[in-house]
Amino acid sequence: MVALTLSPTKTLFLNSHLLHSTFKPHFINPYSTKTQSLHSSRFLSFNLVTCKLKSPQDIKNKDKKISKKIVLSEAAPSLAEKGGDGDGGGGGGEGNGNGEVKAKSGGNLMRLVKRFPRKVLGILSNLPLAIGEMFAVAALMALGTFIDQGEAPDFYFQKYPEDNPVLGFFTWRWVLTLGFDHMYSSPVFLGTLVLLGASLMACTYTTQIPLVKVARRWNFLDSSEAIRKQEYSDTLPRASVQDLGVLLMGAGYEVFLKGPSLYAFKGLAGRFAPIGVHLAMLLIMAGGTLSAAGSFRGSVTVPQGLNFVVGDVLGPTGFLSTPTDAFNTEVHINRFYMDYYDSGEVSQFHTDLSLFDLDGKEKMRKTISVNDPLRYGGITIYQTDWSFSALQILKDDEGPFNLAMAPLKINGEKKLFGTFLPVGDAESPNVKGISMLARDLQSIVIYDLEGKFSGVRRPGSKLPIDIDGSRIVIVDAIGSSGLDLKTDPGVPIVYAGFGALMLTTCISFLSHSRTEA
């Protein structure tokens, strides 16, 4: 803050002290008791007189002429106090003494009750505590990333056994007892978030808001003594407060005049930024909590041509999860197909979906793929996986027959599916047949009754293959679409919180300064 006062001898006392403030006062005319604006164009012509500063002795002698002393009279003792000690009032005095004890006890109790919230606020607004809470939240989030979430108890029994604990102590009991298998909706994690939110609100209430209130107080200093009491002060003989106002306006200040006094400020928005940062962090935590404890999630693998109901797939993730009318939507898999690289590897897979309401009316249709989901009624459907459902064939020009394809376990991440077409008596204990294997939907490898390689056919090519007297035609390969469904009501809140956090963080770098003269 810079504070300036014009003395009767045209000496300008200058005090500078940087504060933070948030308000918009009006302009004040230096030559009138009414408030008017100060425009730089009104003071374009001025002479700024530069003189030597007065010595401290001169200033001290000048201050002796101004008396600023305030005398407070002492209060006379009360009649009640006298009565307690007077003659002939022994009984009454004793009764009054008990009354005083009770009144003091009641007053002490009320003071304790009033002080208790202040002590709690003081503890919560402690900076080391808030930093510790942030580290605790970060540690729990890291632990939630390390521990697989949402698995069955048997998974944790095997991965964190008691006979071989991680780090010598961490077993499945820690995971299931503390709810680390659903970390982001566990009482430990949510309780830490609540504590951090309480610390942020306490800091805002006890520190940031009072600083804003102090910064909003603006008045014109009328005495040189008040100016010299500031942290930084100086004296400019015969300087003009109007000239100073024009210089400050050129430096980006908002300038106001009232009589011989001046008030100016700049960078006002920077004072509100810490409060905005705290509110943004609260928004992010509230959105994250709502996502963790109020969402639905589910996965399903559906063959081409079949349906499923959204509500049958989605399951709640926490105590805040509430289903909506969109859960009654029926999803139909119109078609599933894949794209391939030139090398034959799968590059992308697509699912043509139709959404129907309870009356069977189609509400939406879209072909989704990886990274291109469908969104409807707060529900998002992602394309995440695929499978081989069935192989449609003709045998000796009869059919078509649908042969179910079963996944086969092999080393590595590559998929392999197989099926078996019996030849002869299917009830025989030594039944034989034709085996068919596929890695994807574009080619089928066929083996004869003895397990020897017979050839490769593409579905839909209509090219027959003769195996041990049987004529086989591969008509179509029917795939299954792997879908992930979820609702996440906290996403808009989290996005809004991060946007506000970036904005207020940038604003917080604006320095606020205030000047009075």
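Based on what the data block shows, is Ile393 open to solvent by less than 40 Å² (accessible area, probe 1.4 Å), touching a Pro at 6+ places or on another chain (Cβ under 8 Å) and under 17 Å from Phe336 (Cβ atoms)? Show your work before the answer.
Details: open to solvent by less than 40 Å² (accessible area, probe 1.4 Å): yes; touching a Pro at 6+ places or on another chain (Cβ under 8 Å): yes; under 17 Å from Phe336 (Cβ atoms): no.
No: the conditions fail for Ile393.
I'm trying to understand the selection: among the residues of the stretch 446-484, which are assigned to a loop (DSSP other than H, G, I, E, B), of a type in the set (Gly, Ala, Ser), touching a residue at least 12 places away in the same chain (Cβ under 8 Å) and over 30 Å from Pro373 (Cα atoms)?
Start the filter on the stretch 446-484 by keeping residues that are assigned to a loop (DSSP other than H, G, I, E, B), which leaves 448-452, 458-464, 468-469.
After this cut, where a residue has to be of a type in the set (Gly, Ala, Ser) as well, the list is 451, 460-461, 469.
Now drop any that are not touching a residue at least 12 places away in the same chain (Cβ under 8 Å), which leaves 451, 460-461.
Passing the criteria: Gly451, Ser461.
Given the criteria under 19 Å from Gln304 (Cβ atoms) and assigned to a loop (DSSP other than H, G, I, E, B), does Lys415 qualify? First the steps, then the outcome.
Numbers: under 19 Å from Gln304 (Cβ atoms): yes; assigned to a loop (DSSP other than H, G, I, E, B): yes.
For Lys415, the condition - under 19 Å from Gln304 (Cβ atoms) and assigned to a loop (DSSP other than H, G, I, E, B) - is met.
Say whether the condition of being under 25 Å from Leu353 (Cβ atoms) and among the small types (Gly, Ala, Ser) is met by at least one residue in the stretch 276-293.
Applying the first criterion (under 25 Å from Leu353 (Cβ atoms)) to the stretch 276-293 yields 291.
Add one more test, that the residue is among the small types (Gly, Ala, Ser), and what stays is 291.
Yes, some residue in the stretch 276-293 is under 25 Å from Leu353 (Cβ atoms) and among the small types (Gly, Ala, Ser).
Thr380: in contact (Cβ under 8 Å) with a residue 12 or more places away in the chain, among the polar types (S, T, N, Q) and open to solvent by 50 Å² or more (accessible area, probe 1.4 Å), yes or no? It would help to see each step written out before you state the result.
Numbers: in contact (Cβ under 8 Å) with a residue 12 or more places away in the chain: yes; among the polar types (S, T, N, Q): yes; open to solvent by 50 Å² or more (accessible area, probe 1.4 Å): no.
In short, no.
Considering each of Thr177, Thr192, Thr145, Thr204 in turn, give the residue that is of a type in the set (Ser, Thr, Tyr), under 20 Å from the mean Cα position of the chain (by Cα) and open to solvent by 90 Å² or more (accessible area, probe 1.4 Å).
Values: Thr177 fails: under 20 Å from the mean Cα position of the chain (by Cα); Thr192 fails: open to solvent by 90 Å² or more (accessible area, probe 1.4 Å); Thr204 fails: open to solvent by 90 Å² or more (accessible area, probe 1.4 Å).
After applying the criteria, what remains is Thr145.
So which residues in the stretch 329-367 are acidic (Asp, Glu) and more than 13 Å from Leu441 (Cα to Cα), if there are any at all? Reasoning before the result, please.
Start the filter on the stretch 329-367 by keeping residues that are acidic (Asp, Glu), which leaves 330, 339, 342, 345, 352, 357, 359, 362.
Of everything in the stretch 329-367, those that are acidic (Asp, Glu) and more than 13 Å from Leu441 (Cα to Cα) turn out to be Glu330, Asp342, Asp352, Asp357, Asp359, Glu362.
Considering each of Ala293, Ala251, Ala280, Ala239 in turn, give the residue that is surrounded by fewer than 19 Cβ atoms within 10 Å (Cβ to Cβ) and among the aliphatic types (A, V, I, L, M). Give the derivation first.
Numbers: Ala293 fails: surrounded by fewer than 19 Cβ atoms within 10 Å (Cβ to Cβ); Ala280 fails: surrounded by fewer than 19 Cβ atoms within 10 Å (Cβ to Cβ); Ala239 fails: surrounded by fewer than 19 Cβ atoms within 10 Å (Cβ to Cβ).
Selected residue: Ala251, the only one of Ala293, Ala251, Ala280, Ala239 that is surrounded by fewer than 19 Cβ atoms within 10 Å (Cβ to Cβ) and among the aliphatic types (A, V, I, L, M).
For the stretch 189-243, what are the residues that are out of contact with any helix residue (DSSP H, G or I) (no Cβ under 8 Å at 6 or more places or on another chain) and either at pLDDT 90 or above or part of a helix (DSSP H, G or I) (or both)?
Filtering the stretch 189-243 down to residues out of contact with any helix residue (DSSP H, G or I) (no Cβ under 8 Å at 6 or more places or on another chain) leaves 191, 194, 207, 210, 213-214, 216-220, 222-223, 226-227, 229-232, 234, 236-241.
Passing the criteria: Gly191, Val194, Thr207, Pro210, Lys213, Val214, Arg216, Ala226, Ile227, Val241.
Just the residues that are assigned to a loop (DSSP other than H, G, I, E, B), open to solvent by 40 Å² or more (accessible area, probe 1.4 Å) and of a type in the set (Gly, Ala, Ser), please, taken from the stretch 333-360. First the steps, then the outcome.
Here is the first cut: in the stretch 333-360, the residues assigned to a loop (DSSP other than H, G, I, E, B) are 341-345, 357-360.
Filter once more, so that each one left must be open to solvent by 40 Å² or more (accessible area, probe 1.4 Å): 341-343, 345, 357-360.
Ser343, Gly360, listed by residue number.
The values are calculated or read from the model by the stated rules, or taken from the named source; none is laboratory data. Only a predicted model underlies this, so the values are computations on that prediction, with no experimental measurement involved. Positions of Cβ are generated from backbone atoms using ideal geometry, with glycine treated the same way; all protein chains shown enter the neighbour counts. Accessible surface is based on the protein model in full, side chains and every heavy atom, while ligands, DNA and RNA are left aside. Shrake-Rupley method; radii C 1.70, N 1.55, O 1.52, S 1.80 Å.
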